[in-house]
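See structure below.
A short reminder: the numbers here are calculations on the coordinates, not readings from a lab. Keep in mind it's a predicted model, so treat the numbers as computed, not measured. When we count neighbours, we look across all protein chains shown, and the Cβ atoms used for this are built from the backbone with ideal geometry, even at glycine.
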Amino acid sequence: MGFTKPYVTKVAALPTWWDDSLWDDQPSSAVGHMHLSRHLGIDISTLQDPIAPLRLKDFGVCRFKKQSGTTEDELQLARVIATRAAQFAVAAIDRPYRPIPLAVDLRATILEHAPCVGLTQLLDYCWDAGVPVLHVNNFPVDAKKKPMGFTLRVKGRPAIVLCLNKPQPAWLLFVLAHELGHLYHNHVPEDGALLDENVEENEPDAEEAQADQYAIEVLTGQSRVPIVTSGSWPKAKTLADSAIEYGRRNQIDPGHLVLSCAYTIGSGFWAIANAALNILDPKPDVVGAITERFVANLDWGRLSEDSSEFLMRVTSRSKPE
């Protein structure tokens, strides 16, 4: 199915105390099958039957927002791990869920206590609203394609999984706001999911445009992407300084402004934009900021020890050998 032995034993499925000799003992092997089924989403009856082809559980509807040329099968392994992580997170939160409001209202709520809508502010808003946000990038090596974002609904409560592996917070800030746009517009099916392969390069459709527009309005308070430079290309330091000043006056995250410039100007500008992002935040720790909040906000007593271990493993920076 694409799950390698190192991934199964060291990351996603079997607990640290497991030894392969336990497969020779029937009661112990039943426990092993339970772990494989629970954490990898495989139908346990097909694990128990040595001649049956393995089959995934029914995870409900998943709406794939993907690039041209990508197949749903190429995203399937990533979908499985993101689904299980999100489902466990939903099971371990006891805070009531507040539906996602209008973009202008969400922005106003954050700006009551913050200078702009940045990644940490938006993360804190989500957790306060009862929406778990995780970072999962520890996928099987055979996962041919990986999403930027993934949003799931379980019995009315959503969870968001950010999968983009970028160090600068501005990258994940737009993805998170985009996923909230999908929730606001009810694009995510009940007891199902929506997978965004690439929020900037997905095949265009009305729902992607609505999610983008929602994100822009939350992050900027404007209907269009603001540009902080014109004419000749500036130096990275000049761009960073301009983004800080424009952002201060308009309550916009400077990193988001830098990325907006790069997307608008074109591919040749990315080296300058990345250098400006490094000036704005020379020691970013995006994964740390996300992990700190999900560790603090989940009620870990609601999960078994092995499921808690699974959740910490798939949200870890480390990769299997």
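Per-structure values
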{"quantity": "Length-normalised contact order of the chain in % [C-alpha pairs under 8 Å, at least 6 apart]", "calculated": "23 percent"}
{"quantity": "Most positive-pole-ward Cα, 296, 225, 16, against dipole of the chain from beta carbon charges", "calculated": "225"}
{"quantity": "Per residue Cα convex hull volume in Å³ - calculated over the stretch 1-58", "calculated": "84 Å³"}
{"quantity": "Per-residue [θ]222 nm for the chain (sum of -39500 (n - 2.57) over DSSP H runs n ≥ 4, rounded to 500)", "calculated": "-14000 deg cm²/dmol"}
{"quantity": "Most to least packed among 125-135, 52-62, 167-177, 233-243 [average Cβ atoms within 10 Å]", "calculated": "167-177, 125-135, 233-243, 52-62"}
{"quantity": "Built amide H within the under 5 Å cut-off of residue 253, gap 5+", "calculated": "117"}
{"quantity": "110, 81 arranged by Cβ crowding within 10 Å, fewest neighbours leading", "calculated": "110, 81"}
{"quantity": "Rounded to 5, the percent of DSSP beta bridges in the chain classed as antiparallel", "calculated": "60 percent"}
{"quantity": "Estimated D of the stretch 76-222 in µm² per second, where Rh is the Kirkwood radius over Cα pairs and Stokes-Einstein applies at 25 °C, 0.890 mPa s", "calculated": "161 µm²/s"}
{"quantity": "Whole-Hz ³J(HN,Hα) from phi, Karplus 6.51 cos²θ - 1.76 cosθ + 1.60, for the stretch 42-49, glycine and proline x", "calculated": "9, 4, 5, 5, 7, 6, 7, 9"}
{"quantity": "Percentage relative contact order, the stretch 217-321, counting C-alpha pairs under 8 Å, at least six apart", "calculated": "22 percent"}
{"quantity": "Convex hull per residue volume in Å³, alpha carbons only, for the chain", "calculated": "139 Å³"}
